[in-house]
1. Can you say whether Val62 is modelled with pLDDT of 90 or more, among the β-branched types (Val, Ile, Thr), more than 19 Å from Gly118 (Cβ to Cβ) and surrounded by 11 or more Cβ atoms within 10 Å (Cβ to Cβ), as far as the supplied structure shows?
2. Give the residues of the stretch 68-98 that are part of a loop (DSSP other than H, G, I, E, B) and among the basic types (Lys, Arg), sorted by residue number.
3. Which condition number does Gly70 fail, the rest of (1) within 24 Å of the chain's Cα centre (by Cα); (2) surrounded by fewer than 12 Cβ atoms within 10 Å (Cβ to Cβ) being met?
4. State which residue is surrounded by the most Cβ atoms within 10 Å (Cβ to Cβ) when the search covers only the stretch 40-59 and only residues that are of a type outside the set (D, E, K, R) and at pLDDT 85 or above.
Amino acid sequence: MEANEMAIQPLQDQNNQMKEEKMPSEDTLSSSEEEQPMQKSGVTVDLNAVMQGKKFKVNDVVHMSVVEHGIRTKGIYTVAKVGYNKEGAYPQYQLTDKEGRTGSAWVRENKLKLQKRG
């Protein structure tokens with residue numbers, strides 16, 4: 001081999017070698033590591049939980065953000081019906097607009113803000 005030629009050697013990934021060295025084998029785990037559960041405490045839904053209070057009543061005037069013709073405006077509505085979603089455990093409302101049309105969609109409480117009490 002000449003002095004100017006470099007010997008071709010296979011590429012070695014030093015990151016993988018370092019990871020392999022740091023990983024302890026299963027036999028060398030300390031007793032405290034063996035006692036820790038793989039999953040921490042969980043959270044469950046209480047089926048007998050108290051219902052969340054409702055902010056609005058029937059005939060309250062509320063407003064929410066509405067997009068009409070690509071422009072965001074403030075829509076003012078009157079609460080027509082009050083309901084409770086059992087699956088999501090939150091209050092929801094059916095609204096009536098200025099012309100008296102009642103929408104069939106239920107709106108979540110967090111989308112609405114109080115304009116005035118009815």
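1. On the way: modelled with pLDDT of 90 or more: yes; among the β-branched types (Val, Ile, Thr): yes; more than 19 Å from Gly118 (Cβ to Cβ): no; surrounded by 11 or more Cβ atoms within 10 Å (Cβ to Cβ): yes.
Taking the combined requirement at face value, the residue does not satisfy it.
2. Step one: of the stretch 68-98, the residues part of a loop (DSSP other than H, G, I, E, B) are 69-70, 86-89, 97-98.
If the condition is that a residue be part of a loop (DSSP other than H, G, I, E, B) and among the basic types (Lys, Arg), then Lys86, Lys98 are the ones that fit.
3. Of everything listed in (1) within 24 Å of the chain's Cα centre (by Cα); (2) surrounded by fewer than 12 Cβ atoms within 10 Å (Cβ to Cβ), Gly70 misses just condition (1).
4. Residues of the stretch 40-59 that are of a type outside the set (D, E, K, R), as a first pass: 41-45, 47-53, 56, 58-59.
In the following step, the residues that additionally are at pLDDT 85 or above were identified as 56, 58-59.
Working: Phe56: 19, Val58: 12, Asn59: 11.
It comes out as Phe56.
Here is a yes/no grid of residues against (1) closer than 15 Å to Val62 by Cα; (2) surrounded by 14 or more Cβ atoms within 10 Å (Cβ to Cβ); (3) without any contact (Cβ under 8 Å) to a residue 24 or more places away in the chain:
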residue	(1), (2), (3)
Gly75	yes, yes, yes
Lys86	no, no, yes
Leu95	yes, yes, no
Arg108	yes, no, yes
Leu114	yes, no, no
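The values are calculated or read from the model by the stated rules, or taken from the named source; none is laboratory data. Values in this document were obtained by computation on a predicted structure and should not be read as measured data. Glycine also receives a Cβ, built like all others from the backbone with ideal geometry; neighbour counts cover every protein chain displayed.
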